[in-house]
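What follows draws every value from the coordinates through simple rules; no lab data is involved. Only a predicted model underlies this, so the values are computations on that prediction, with no experimental measurement involved. Cβ sites come from the backbone with ideal geometry, for glycine too, and all protein chains shown count toward neighbours.
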Amino acid sequence: MSTADLLALCQWADENRARGCTTESMIQAMRDSGHDDPTIIAVARHLEPGSGPQIKGAGTETTLALPDRQVTVASQLADPEIVVLRDFLSAEECAELIELAKSRLARSTTVSRETGEAQLHHARTSDGAFFNRGETQLIDKIEQRIAALTGWPVENGEGLQVLRYGIGGEYRPHFDYFDPALPGSHTHLARGGQRLGTLLMYLNTPEAGGHTSFPRVGMTAAPIAGHACYFASSWADVIDPRSEHASVPVTKGEKWVATKWLRERQFI
Ligand code: PD2
Ligand code: ZN
């Protein structure tokens, strides 16, 4: 859709808002008229700007002053929102997270599309460790930092997951959101709603490989120790297929990364 068409659609939405229409009814009307999900998300964000996690200032500022740390914006894509940040974690924080995870690692799983159960899958060959929210002082500190970065409550975050990929380890292209059309998504959506966005925090720098790639938009984020990559996945139940992403195989060394998924509501 052209910028002019999107502006016209936003104007239509503003006029409907003034007449008392709800965002939900306008989303339905846009679906009925055949608009695609990315367009609907852009209009919904226009109508309700503070209604999801967002990295304020990423498009205009080089440095974001978070309460406990200055973070640099390395690169940014506005739509779909993908932001690469430098110095989100210190070297000490990265090392401590890796140490915490080492004794807890188990083969990572994916969610069955049919039943929602965890399953081993050849498309995801990392080992991972789960942590409860606020489980250690460091985890609590990082979660507060993520909340300040995204403007999204700590309670809406899933527990941190630390992943290790060995040589050849990868996570093939996938979506972090739960597709509402799949039966296996229902139990997951009941625990705090949709996954709206993901923050990946790189804990080391692999010697080769291990990039996070977004094949539909042709972008890659390099796994560099302390850097982070935020991307938006959905707006409530409107999912954004452009958020498809992968962790490409590590070809030399190993890769450690921490993942934080942000939900619509409190995650229980
Ligand atoms: O490790 C990554 O770069 C990565 C890429 C894609 C992690 C995830 N997805 C994930 O944990 O969802
Ligand atoms: Zn993912």
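Check each of the trypsin sites (Lys or Arg not before Pro) in region 181-268 and keep only those in coil by DSSP with at most 14 other C-beta atoms within 10 angstrom; list them in order.
Within region 181-268, the qualifying trypsin sites (Lys or Arg not before Pro) (loop, at most 14 other Cβ atoms within 10 Å) are ARG191, ARG216, ARG265.
Is there a quick way to get the dipole size of the chain? I mean about its Cα centre, with the Cβ of Lys and Arg at +1 and of Asp and Glu at -1; what is the value in debye to the nearest 20?
Computed charge dipole of the chain: roughly 400 debye.
Please give the per residue volume of the convex hull enclosing the alpha carbon atoms of region 7-51, rounded to a whole number of Å³. Please list the in-between numbers first.
Numbers: hull volume 3.1 nm³, N = 45.
Output value, Cα hull per residue: 68 Å³.
With the Cα gyration tensor of the chain giving a ≥ b ≥ c as the square roots of its eigenvalues, does the rule (a/c under 1.5 for rounded; else a/b larger than b/c for prolate; else oblate) give rounded, prolate or oblate?
It comes out prolate by the Cα gyration axes.
Hey, rough spin-label estimate for PHE175 and ASN132, points 7 angstrom out along Cα→Cβ, what's it come to in nanometres?
Taking the simple label geometry, PHE175 and ASN132 are separated by 3.3 nm.
Loop-only trypsin sites (Lys or Arg not before Pro) in region 2-52, please: DSSP not H, G, I, E or B, and at most 13 other Cβ atoms within 10 Å.
On the way: sites: ARG17, ARG19, ARG31, ARG45; in loops: ARG19.
Of the trypsin sites (Lys or Arg not before Pro), the ones in loops of region 2-52 whose Cβ has at most 13 other Cβ atoms within 10 Å are ARG19.
Under the classification rounded if a/c is under 1.5, otherwise prolate if a/b is larger than b/c and oblate if not, where does region 83-135 fall, given a ≥ b ≥ c as square roots of the Cα gyration tensor eigenvalues?
prolate
Place +1 on the Cβ of every Lys and Arg and -1 on the Cβ of every Asp and Glu in the chain, take the dipole about the Cα centre, and give the residue among SER90, GLN70, GLY218 whose Cα lies farthest towards its positive end.
SER90
Please check: in the Gaussian network model of the chain (C-alpha springs, under 10 Å), which one of PRO49, PRO173, PRO153 has the largest mean-square fluctuation.
Maximum fluctuation in the GNM of the chain, among the listed residues, is at PRO49.
Which whole-number percent gives the relative contact order of the chain, counting Cα pairs below 8 Å spaced six or more residues apart?
For the chain, the relative contact order is 22 percent.
What three numbers, in Å, describe the spread of the alpha carbons of region 172-236 along their principal axes, ordered from the longest?
40, 22, 19
What percent does the relative contact order of region 1-154 come to when contacts are Cα pairs within less than 8 Å and at least six residues apart?
17 percent
Which listed residue (GLN161, GLN266, PHE178) has the Cα farthest towards the positive end of the charge dipole for the chain, taking +1 on Lys and Arg C-beta and -1 on Asp and Glu C-beta about the Cα centre?
Among GLN161, GLN266, PHE178, the one farthest towards the positive end of the dipole of the chain is GLN161.
Given points 7 Å out from each Cα along the Cα-Cβ axis, report the LYS102 to GLU117 separation in nanometres with one decimal.
If labels sit at LYS102 and GLU117, their model points lie 3.4 nm apart.
Return the sequence-ordered ³J(HN,Hα) values of region 6-22 in whole Hz as given by the Karplus equation 6.51 cos²θ - 1.76 cosθ + 1.60 applied to θ = phi - 60°, using x for Gly and Pro.
Per residue, the Karplus-derived 3J(HN,Hα) values read 5, 4, 5, 5, 5, 5, 4, 5, 4, 5, 5, 4, 5, 8, x, 6, 7 Hz.
What does the C-alpha gyration tensor say about the overall shape of region 135-208? Classify as rounded when a/c is under 1.5, otherwise prolate if a/b is larger than b/c, or oblate.
Note, shape of region 135-208 comes out oblate.
Less than 27 Å apart at the alpha-carbon level, and either on another chain or at least 8 residues along: which lysines does that give for LYS141?
Of all the lysines, those that pass the test against LYS141 - Cα under 27 Å, at least 8 places apart if same chain - are LYS56, LYS102, LYS255, LYS260.
Under the rule of at least 5 residues apart or a separate chain, name every residue whose amide H is placed under 5 Å from the amide H of GLY192.
Here the answer is ILE268, since their amide H atoms fall under 5 Å of that of GLY192.
Sum up the charges of everything whose Cβ sits under 11 Å from the Cβ of ARG107, counting Lys and Arg as +1 and Asp and Glu as -1, but leave ARG107 out.
+1
So which aspartates and glutamates can LYS252 reach, going by Cα to Cα under 18 Å and dropping same-chain residues fewer than 8 places off?
Cα-Cα hits under 18 Å: ASP127, GLU170, GLU207.
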